[in-house]
Structures are given as structure tokens and as C-alpha cells.
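Structure record follows, encoded as C-alpha cells.
The values are calculated or read from the model by the stated rules, or taken from the named source; none is laboratory data. What you are looking at is a predicted structure, and each value in this text was computed from that prediction instead of being measured. Here Cβ is always computed from backbone atoms with ideal geometry, including for glycine, and neighbour counts include all displayed protein chains. Surface accessibility is based on the protein's heavy atoms, side chains included, excluding ligands, DNA and RNA. Shrake-Rupley method; radii C 1.70, N 1.55, O 1.52, S 1.80 Å.
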Amino acid sequence: MATSSRHNSFQRTLFLSVGGIFLAFAVCFSLYQYHREKEFKIDIMHSRLQAFNYAMMQTLGREGVTDSLSFAQYVSQHGLEGLRVTVVDTCGRVLRDSSQPLVSSLDNHLDRTEIQAALSNGEGYAIKRTSASTHDTYFYSATLFGDIVLRSAVPYSAELTRSLKADNAYLLFAITLTLLLGLVLYLNTSRIGTHIRYLREFALKAGRGEELDHELEREMPDDELGDVCHTVIVLYWKLRHAEGEKERLKRQLTQNAAHELKTPAASIHGYLESILEHPDMPADKRQHFLERCYAQSERMDRLLQDMSTLTKLDERTTLAHNREGVTLVDVVQLIHSMLDDASLDLERHGIATELFLPPAISVRGDRSLLYSIFRNIVDNSIAYAQGATKVSIVCAECEAEVAAEGKGSTVRRYYEFTLSDNGQGVPPQHLPHLFERFYRVDEGRSRKAGGTGLGLAIVKNAVALHGGTVTAENTPGGGLTIRFTLPRAE
């Protein structure tokens with residue numbers, strides 16, 4: 001109930017604030033337009049009377065206007081219905097008046113609004129003023145001609161009142177338009193309020209830790225705001241699941257690390273316990289137990305070193321974040337050095353090597369990490385490729401056109417390395433998981449081989465750190481192929 005109330009309050013506030021501003025603007029504009037229209041009609045009436053004044057003065061001249069006979073004849077022949085014409089000198093004295101032949105009885109007109117305006121500006125008018133002599137209401141229009149002012153006036157009849165009144169059709173149109181726009185505003189603020197309600201409900205559920213999978217199926221309004229709401233929900237859902245997956249992987253890594261460390265630790269503990277409990281143990285058996293302790297300690301040391309390497313790789317997302325140790329590496333020389341170091345193990349397992357490399361391979365990166373990539377893949381073949389008689393290392397120079405933001409496309413140059421053996425290969429269902437930490441295709445046989453389960457995980461992270469990709473596939477005819485790319489040094 002509180003949520004709905006706050007939602008309605010937001011919608012009402014938005015509607016009233018925007019609608020209030022628009023309504024105030026509409027009212028002000030309507031009043032302004034009404035006033036302009038009324039002034040326009042007044043100007044038309046004033047112009048008609050001014051035209052009469054000029055025509056009368058042009059026809060009669062000053063002498064004819066002041067002559068009582070000529071003045072009366074012109075007004076009777078050319079005047080409008082109910083027209084009253086008055087001639088006033090610049091001192092305000094009435095010289096002639098069409099409705100009052102006895103002008104001496106009329107008051108001084110100097111204080112009249114239209115007379116003052118005519119004396120100041122050459123012309124002027126007064127709206128709806130009652131005459132002191134006839135007690136009728138007139139519209140006056142006065143014009144200055146030298147030393148006299150010619151004033152014409154028409155009575156305020158019902159017809160004149162209607163003609164000077166602004167057209168109410170405009171006001172009806174403005175009111176109708178305002179109501180229509182108010183309806184449109186209400187519908188739009190209601191839709192915005194719906195989006196706000198969706199997001200608020202989602203935020204409250206997220207805050208309470210409720211299950212949010214069903215929120216992805218909620219039908220959102222089909223507009224840009226609906227798309228934004230849906231995108232926010234999807235991003236939060238992905239982030240929530242990514243955090244859950246991250247926690248799961250952390251727990252799994254901790255469990256796997258503890259499991260891997262527990263085996264050599266238990267072996268060392270068992271051998272040392274036997275030695276301590278049997279001080280008269282034969283020397284050759286004691287020596288055997290000590291050698292086994294040493295072997296298990298070496299295995300534990302390799303495991304800790306591999307975990308340390310992975311931790312460092314996790315802290316460096318790209319080489320640009322930490323350029324310490326980044327140099328121009330001669331990969332051909334590095335591969336030969338790596339094979340020399342692994343030669344004893346290769347010979348002991350009867351594995352020959354084949355190299356198909358360009359004369360020069362230059363990669364900018366961390367030499368020790370690049371060495372670990374090749375060494376871990378070769379060690380993986382030695383340990384797990386049962387029946388393998390050879391390991392092939394192939395390098396090809398490649399180019400690919402990739403899109404560059406704001407720059408069209410650019411050509412990416414890279415090396416593609418392929419390390420293959422001709423052993424028994426890996427069942428297809430295991431290929432996607434080979435680069436996971438502590439993943440083992442055959443649990444028992446892998447432990448006997450002495451591997452840590454982290455070698456290929458180090459390969460994947462080290463290749464990614466250098467901006468490349470790595471995949472695993474079965475070699476046609478038997479065996480496993482590890483394929484990865486490294487950018488060429490420009």
C-alpha cells in the first residue's frame with residue numbers, strides 16, 4: 001500500500017507540475033490573444049472613424065467644418081447611423097456639434113481623453129464613455145487638423161458591442177486544445193508512473209533477496225522506457241547470477257585446493273609417522289619412506305607455485321595494467337630452450353618433437369609466462385598422452401580484419417600456434433572443461449601422473465593476458481591439439 005501511494009504521489013506530482021506550467025502558459029497566452037483581438041477590432045473602428053474625419057476635412061475644409069450649414073448638411077448626407085460629430089478648438093471649446101446645435105451649453109472638452117490624445121499625438125480615441133450632454137454611451141475618435149480637433153462618435157449599440165467583443169470561438173478552441181493536451185499528459189505521466197512502479201517493485205524484491213528469474217518474463221510497455229526497465233532488470237539478473245557463480249567457483253576452488261593439498265600432506269604425515277613409530281625400521285625401508293616424503297613435498301610445492309601463478313594472473317587483466325617484465329620475446333629461441341629443459345622427460349617417455357616454425361617469431365609480453373604456456377602444454381602431453389610418440393609444434397602467421405570503434409576496420413596480425421600429440425586423445429565431452437582449474441579427465445590416473453590440475457588453467461589465463469585465445473580439440477587420427485593465438489609485435 002505504501003509503495004502504491006508513493007507511486008501515485010510521484011505520478012500526481014509530475015502531472016500537476018507539468019500540467020500546471022502548461023495550463024498557466026495556456027491561460028496567459030489565451031488572455032494575451034483575447035486582448036490583442038479586442039484591440040485589433042477597436043483599431044478597426046477607430047480607423048473607420050478616422051477615415052470619416054479625414055474625408056470630411058478634405059471635402060469641407062476648415063471654413064466648411066466651422067460653418068453650421070455646411071457642417072450639418074455633410075453629417076446628414078455622409079454620416080453613419082447615430083453618428084455624432086463635434087468640432088473642438090485647441091482650447092477645448094466646442095465650435096460645432098451635430099447633436100447639440102446650441103454649443104454654448106456644452107462643457108469644455110479639453111479634459112476629454114480622446115481630445116488630449118489628439119492634441120498630443122494627432123489622433124486618439126476613448127472607449128465606452130457616457131456623454132455628459134446626451135447621456136448616451138459612445139465610442140469616440142478624434143483627429144487634430146491645425147487649430148481644431150474633429151471628433152466623431154458612434155453610440156454603443158448591441159451591434160457595436162458585439163463587433164468590438166473578441167471572438168469566443170478562439171477561447172473555446174484554446175480550452176478544447178488544453179483539455180486534449182491535458183489528457184495526453186495524463187496518459188504519458190501514467191505510463192512513466194508504471195515504469196517507476198516496475199523498477200521500484202524490482203528494487204524492493206532485489207533488496208529483500210527474493211528470486212528474480214520470473215522478472216525476465218514480465219511484459220514491459222513497448223517503448224523506450226520499457227526497454228530501459230527491461231535492460232536494468234536483465235543486467236541486475238546477470239550480475240546477481242555472475243556473483244553467485246563467482247561464489248560457487250570460489251568455494252569449488254577452495255575445496256579442490258584443500259583436496260589436492262590433503263593427499264600429499266596425508267602421505268607425508270603417514271610416512272613420517274611410520275618412521276617415528278618404528279625406530280628400528282630397516283635402513284632401506286626408511287630411505288624409501290623419506291624419498292616418498294620428498295616426492296610428495298615436491299608435488300605440494302608445484303601445486304603451491306601453480307596456485308601462486310594463477311593468483312598473479314588473476315590480478316593482471318591485461319599486460320597494460322602492469323608493464324613490469326614486458327619485453328620483446330624471441331619465441332623461436334624460447335621454444336628451443338623449453339624443449340632442452342624438458343628433453344629428459346621427453347626421452348624417458350619416448351616422445352620425439354617436430355617443429356614447423358617461421359625463422360623469426362617476435363611477441364611482446366612476459367617471457368616467463370610465455371615459457372609457462374609452452375612448457376605446461378608439453379608437460380600435459382608427457383603426463384597424459386598415453387601411447388604418444390611425438391609432439392608437434394606449428395606456428396602460422398595470420399591476419400584478420402576487425403572493427404575499430406570510430407575508425408572503420410583495422411587489420412590484426414597474430415601468430416597461431418598449434419601443439420599436437422598422437423596419444424589417445426580426450427573424450428569430446430571433456431574438451432570444453434580442460435582449461436578449468438583442477439579439472440581432471442581421469443581422476444585416478446591424473447593423480448598417479450603427478451599433475452596439479454592447474455597447468456592448462458595457467459595456459460588459458462596467460463594467453464588471455466597477452467590478448468590471445470586458446471582452444472582444445474582432438475587431433476585427426478588420434479591425440480590432443482591445443483591451439484592458441486598471440487599478437488605479433490609491430
Point to revise | Arg364 - accessible surface, heavy atoms, 1.4 Å probe, Å² rounded to 10 | key: 120
Point to revise | Solvent exposure ordering (accessible area, 1.4 Å, most first) of Phe22, Phe417 | key: Phe22, Phe417
Check your understanding: Using θ = phi - 60° and the Karplus form 6.51 cos²θ - 1.76 cosθ + 1.60, what ³J(HN,Hα) does each residue of region 26-43 get, whole Hz, x for Gly and Pro?
Key -> 5, 5, 4, 5, 5, 4, 4, 5, 4, 5, 5, 5, 5, 5, 4, 5, 5, 5
Study note, to complete from the structure: In this structure, the FRET efficiency calculated for Glu416 and Ser297 from their beta-carbon separation, with R0 = 51 Å, to the nearest 0.05, is 0.85
Study note, to complete from the structure: Length gained, Leu23-Ala464, 0.36 nm per residue minus C-alpha separation, equals 152.6 nm
Exercise for review: Quick one: accessible surface of Tyr415, probe radius 1.4 Å, all protein chains present, in square angstrom to the nearest 10.
Suggested key: 10
Exercise for review: Report the accessible area of Cys91, computed with a 1.4 Å probe over the heavy atoms of all protein chains in place, in Å² rounded to the nearest 10.
Suggested key: 80
Check your understanding: Among Asp340, Asp67, Asp89, what's the order by accessible area (1.4 angstrom probe), most exposed first?
Key -> Asp340, Asp67, Asp89
**Study point:** Other-chain or far-sequence residues with amide H under 5 Å of Arg364's (modelled H)
**Key:** Val329, Ala489
Check your understanding: So for the pair Val184, Arg36, with labels modelled 7 Å out along Cα→Cβ, what separation do we get in nm?
Key -> 2.1
Study note, to complete from the structure: Expressed in angstrom and ordered largest first, the alpha-carbon extents of region 28-96 along the principal axes are 52, 29, 20
Check your understanding: Say the dipole of region 1-151 comes from +1 at the beta carbon of Lys and Arg and -1 at that of Asp and Glu; which of Phe139, Thr13, His109 then lies farthest toward its positive end?
Key -> Thr13
Point to revise | Placed amide H near Leu95: partners under 5 Å, 5+ positions off or other chain | key: Val87, Val88, Asp89
Study note, to complete from the structure: Calc'd 3J(HN,Hα), region 107-115, phi into Karplus 6.51 cos²θ - 1.76 cosθ + 1.60 (θ = phi - 60°), Hz, glycine/Pro = x, comes to 6, 5, 9, 5, 8, 5, 4, 5, 5
Exercise for review: Tell me the label-point distance for the pair His430, Arg488, using the 7 Å Cα-to-Cβ offset, in nm and rounded to one decimal.
Suggested key: 3.7
